[in-house]
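Would you mind keeping the following structure in view while I ask a few things?
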Amino acid sequence: MAMGALQSHKMLVNGGEAMGPGAVCMLVEDRTGEKMNPQNWARDWQAIWDALCTHVDKLDKQALKPIAAVVQRLCERGENQSEKAA
């Protein structure tokens with residue numbers, strides 16, 4: 001399921017839609033051979049899936065913090081140079 005959460009996040013950040021229960025169950029079965037019943041998703045897997053997706057999102061934000069800081073500095077430089085030119 002963790003692999004599915006990563007794939008789902010990747011799809012979301014690239015403009016696609018998140019994986020639904022059926023797609024996650026198929027991915028798990030393809031990768032591990034273990035069958036998951038999407039009809040029991042809410043009862044058996046929803047809480048786990050939500051926790052995994054939340055954690056992946058936090059990790060992504062953490063990993064991108066240094067990049068966001070550089071982008072912010074570059075934007076501030078660009079604004080400062082525009083103000084000097086005016």
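Enumerate the aspartates and glutamates that LYS10 could reach by cross-link, defined here as Cα to Cα under 14 Å, with residues fewer than 8 away along the same chain left out.
ASP57, ASP60
Report, largest value first, the span of the C-alpha coordinates of the stretch 2-61 along each principal axis, in whole Å.
For the stretch 2-61, the Cα spread along each principal axis is 31, 20, 18 Å.
To the nearest 10 degrees, how steep is helix 21-32 against the longest Cα principal axis of the chain, on a 0 to 90 scale?
So the helix axis and the longest Cα principal axis differ by about 80 degrees.
Shifting gears a bit: I need the phi-derived Karplus couplings for the stretch 4-17: 6.51 cos²θ - 1.76 cosθ + 1.60, θ = phi - 60°, integer Hz, Gly and Pro marked x.
x, 5, 5, 5, 4, 5, 4, 5, 4, 6, 9, x, x, 9
Now for a different question. If contacts are Cα pairs under 8 angstrom and at least 6 residues apart, what is the relative contact order of the chain in percent?
With pairs under 8 Å counted, the relative contact order is 27 percent.
Per the helix-only calculation at 222 nm, which mean residue ellipticity applies to the chain, given -39500 (n - 2.57) for every DSSP H run of n ≥ 4 and division by its residues, nearest 500 deg cm²/dmol?
-26500 deg cm²/dmol, from helical runs alone.
For the stretch 19-38 and the stretch 46-86, write down the distance between their C-alpha centroids in whole Å.
The stretch 19-38 and the stretch 46-86 have Cα centres separated by 32 Å.
Quick note: the coordinates plus some simple rules give every number you see, no bench work behind them. Given the structure is predicted, the values throughout are model-derived calculations rather than measurements.
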